[in-house]
Amino acid sequence: MIRCSKLAAVLALMPAIGPAVADPLVSDAFGLFDPSRTAPERHAWAGWRETGRPVAPDAPDVLVIFAGPKSMVAGKDPGHVVGIVLDRFGNLVADGTPALATVAGTPTPIVTRGGIAELLVSPQTLAGELPVGLGAGARQSPKAILGVTADIASIQPRIEGPLPLAQAEAEFTFHTEPMTDRFGNPAPDGTALTSILRHANGSFSLAQTSALQNRALARFIARDIPGAATAVLTLGNRTSADLPLVIAAPRAVGFPVLEAIDLPRIAAVRLTVGPFLTSDGYALADGAQVVVEAGLPHGETVRETAWVVDGEATLLLPFPARTPVVRLSVISPLGPMDLTQAWTAAVAATSGGAEP
């Protein structure tokens, strides 16, 4: 007894049934269909005639074009232009149909394959927009665009020098020389750079900037960072050469005034120092650090820190106003100041200014 699957039995009987004949299917822009089972209108869409036999596609009638990438890096990225060519019934045109691809005014003859005409564009060295078009038969595609951007990775930033003397508490700027890539293309507007100041004490000041009209401008305000420094700009992994810079320290105009208020309940003095006026015509900026050192008779030194707000600094000294103070100094970005005599006068005036 011989056993077999149903599939094997069917395959065994197929020679007896006779060779299979596939029904013809037509492929067009709307999909696949069987001509023997569809309406005459559908036959017309596919280019069929009364005989029911397929005929060659008609002449090109509709061209659809694609071009990319939209941002090719100069000298690196190739472009690709692809056109789909259809006849008036939506059928892909026959293989070998002549077409003409034009890139930036330069025509290149090509032929279709599978109804598609394509052209590879070699890497371009000139940044900008390249208009692209495709023609076939008596038809022309809409215009497409290939974009070429500068090779930013090849741009070497350079600071234009020498740098001027920077005034304390005032904005100062430095900028790059014109920035171009290895092909001479200007840096695109908006290209991001980082500007860095390296100070003599090892600290850094950072500011972000961007290119505009082929240059980048860095802005800083010299606050609490006087003295020698170096300026540098970075673009990606490329860094400009260091340029020396000197930031002038602010200069004091006169001495700040002291106002003391006795706080007997907590055995302390509220001390207000200011305004801290500079030779630039305005007070120290908010946030500038002020340190007050009070020397007491037994050699003890009280040191308290405050920060300038509206030109003045306010702090608490942890001793009563009647405590003798042999020395009072104030240290700020304007330098150290001996205000011992001003302290004596301020304490003498606390009789009417003490809090209950």
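The values are calculated or read from the model by the stated rules, or taken from the named source; none is laboratory data. Please read these numbers as outputs of a predicted model, since none were measured by experiment. Heads up, the Cβs are rebuilt from the backbone with ideal geometry, glycines too, and the neighbour counts pull from every protein chain shown.
General observations
- Members of the stretch 64-93 that are more than 38 Å from the chain's Cα centre (by Cα) and within 21 Å of LEU146 (Cα to Cα): VAL85
- Scanning the stretch 164-210 for residues being crowded, with 19+ Cβ neighbours inside 10 Å and among the charged types (D, E, K, R) gives a total of 2.
- The stretch 112-143: number of residues that are buried (at least 20 other Cβ atoms within 10 Å of the Cβ) and of a type in the set (Gly, Ala, Ser): 5
- Under the condition of being over 24 Å from the mean Cα position of the chain (by Cα), assigned to a loop (DSSP other than H, G, I, E, B) and of a type in the set (A, V, I, L, M, F, W, C), the residues counted in the stretch 126-165 number 3.
- The set of residues from the stretch 318-348 being touching a residue at least 24 places away in the same chain (Cβ under 8 Å), at negative phi and of a type in the set (Gly, Ala, Ser) comprises ALA321, SER329, SER332, ALA342, ALA345, ALA346.
- Between SER154, SER210, SER195, the distinction of being of a type in the set (S, T, N, Q) and free of Cβ contacts under 8 Å to residues at least 24 places away in the same chain belongs to SER210 only.
- Residue check, THR209 touching a Ser or Thr at 6+ places or on another chain (Cβ under 8 Å) and either closer than 30 Å to ALA348 by Cβ or of a type in the set (Val, Ile, Thr) (or both): yes
- Filtered residues of the stretch 85-120 (kept if within 30 Å of PRO188 (Cβ to Cβ) and in a loop (DSSP other than H, G, I, E, B)): ALA104, GLY105
- Test for VAL81: is it surrounded by fewer than 21 Cβ atoms within 10 Å (Cβ to Cβ) and at negative phi: no
- Check on PRO123, assigned by TED's automatic domain parsing to the domain that holds GLY184, of a type outside the set (Ser, Thr, Tyr) and not in a strand (DSSP E or B): no
- Index of the failed condition, GLY68 passing every other in (1) crowded, with 19+ Cβ neighbours inside 10 Å; (2) under 30 Å from ARG182 (Cα atoms); (3) in contact (Cβ under 8 Å) with a residue 60 or more places away in the chain: (1)
- Members of the stretch 144-160 that are surrounded by 14 or more Cβ atoms within 10 Å (Cβ to Cβ), more than 30 Å from PRO98 (Cβ to Cβ) and not charged (D, E, K, R): THR149, ALA150, ILE152, SER154, ILE155, GLN156, PRO157, ILE159
- Residue, nearest to VAL85 (Cα to Cα), within the stretch 166-177, restricted to residues that are hydrophobic (A, V, I, L, M, F, W, C) and in a strand (DSSP E or B): PHE174
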